[in-house]
1. Could you tell me which of the residues Ala9, Ala108, Ala101 is closer than 17 Å to Leu136 by Cβ and either in contact with a helix residue (DSSP H, G or I) (Cβ under 7 Å, 6 or more places away or on another chain) or assigned to a helix (DSSP H, G or I) (or both)?
2. Restricting attention to segment 58-74, report how many residues are closer than 20 Å to Asp142 by Cβ and either assigned to a helix (DSSP H, G or I) or more than 13 Å from the chain's Cα centre (by Cα) (or both).
3. Among residues belonging to segment 16-51 that are surrounded by fewer than 19 Cβ atoms within 10 Å (Cβ to Cβ) and β-branched (Val, Ile, Thr), point out the one that is farthest from Trp131 (Cα to Cα).
4. Out of (1) modelled with pLDDT of 95 or more; (2) within 24 Å of Pro47 (Cβ to Cβ), what's the single condition that is false for Met127?
5. Which one of these is in a loop (DSSP other than H, G, I, E, B), hydrophobic (A, V, I, L, M, F, W, C) and either out of contact with any Pro (no Cβ under 9 Å at 6 or more places or on another chain) or closer than 21 Å to Leu14 by Cβ (or both): Ile77, Ile82?
6. If Leu55 satisfies every condition in (1) surrounded by fewer than 17 Cβ atoms within 10 Å (Cβ to Cβ); (2) touching a helix residue (DSSP H, G or I) at 6+ places or on another chain (Cβ under 9 Å); (3) in a strand (DSSP E or B); (4) of a type outside the set (Val, Ile, Thr) but one, which is the exception?
7. Which residue pairs have Cβ atoms under 7 Å apart, sit 6 or more places apart or on different chains, and have a first residue in segment 105-118 that is under 25 Å from Ile77 (Cβ atoms) and a second that is of a type in the set (D, E, K, R) and part of a helix (DSSP H, G or I)?
8. Any residue in segment 69-84 that is hydroxyl-bearing (Ser, Thr, Tyr), in contact with a helix residue (DSSP H, G or I) (Cβ under 6 Å, 6 or more places away or on another chain) and crowded, with 16+ Cβ neighbours inside 10 Å?
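The values are calculated or read from the model by the stated rules, or taken from the named source; none is laboratory data. Keep in mind that this is a model prediction, so the values were computed, not measured. Positions of Cβ are backbone-derived with ideal geometry, glycine not excepted, and every protein chain shown enters the neighbour counts.
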Amino acid sequence: MDWGQDGRAFRAQLVVPEQRQLYDYWLAKAGVSRMPCRADIIPGEIPRMLSGISLVEVKDTIGCSRVRLAGTRLREIYDREITGLTLNDLDWGDKRDYWLAAFERTIAEGLPTQGVVKGPRLHKEHMVQYWLRLPLRTAATDVGMVLCFDYFMSATDRLDDEVAAIA
């Protein structure tokens, strides 16, 4: 990925306005560091995005990483509360390897990742998920948590105009 000095190339790939807002917030909190600390993220400063926010605590085995906080929109998508579950506990159906690889990349590179996926989980094939994963450090330089933002919409209402404008 062409990270660039200030992340403009990455930001240009973000389709959903809230993704860009959260990414800008994350960059501002990072300051001169490569990534902000978990303590730098203040939920009250990003109230419009909280329903799609989750925080994942990183473990040595990616599947054992635990969801420490999950917004209400995620409960609707997963049809259950996911706070406290490990990544292995989540029902991703045939997209399990995709999601574990996305988390692994964010953690290994210590850089933001993003994407779009249709049918984020079993029985949600009618949905499109625009996702953003932002690393957070909990030690001096290590990624200890991942700040996640997930935006869901009906596949028939996709942001095609915005996607075309970015392409």
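1. Within the list Ala9, Ala108, Ala101, the selection yields Ala108.
2. Residues of segment 58-74 closer than 20 Å to Asp142 by Cβ: 58-69.
Narrowing further to those that are either assigned to a helix (DSSP H, G or I) or more than 13 Å from the chain's Cα centre (by Cα) (or both): 58-66, 68.
Number satisfying all stated conditions: 10.
3. It comes out as Val32.
4. (1)
5. Details: Ile77 fails: in a loop (DSSP other than H, G, I, E, B).
When all the criteria are applied, what remains is Ile82.
6. Evaluating Leu55 over (1) surrounded by fewer than 17 Cβ atoms within 10 Å (Cβ to Cβ); (2) touching a helix residue (DSSP H, G or I) at 6+ places or on another chain (Cβ under 9 Å); (3) in a strand (DSSP E or B); (4) of a type outside the set (Val, Ile, Thr) leaves (1) as the failure.
7. Thr113/Arg105; Val117/Lys95
8. Let us first name the residues in segment 69-84 that are hydroxyl-bearing (Ser, Thr, Tyr), namely 72, 78, 83.
Subsequent filtering for residues that are in contact with a helix residue (DSSP H, G or I) (Cβ under 6 Å, 6 or more places away or on another chain) retains 72.
From what's left, crowded, with 16+ Cβ neighbours inside 10 Å: none.
No.
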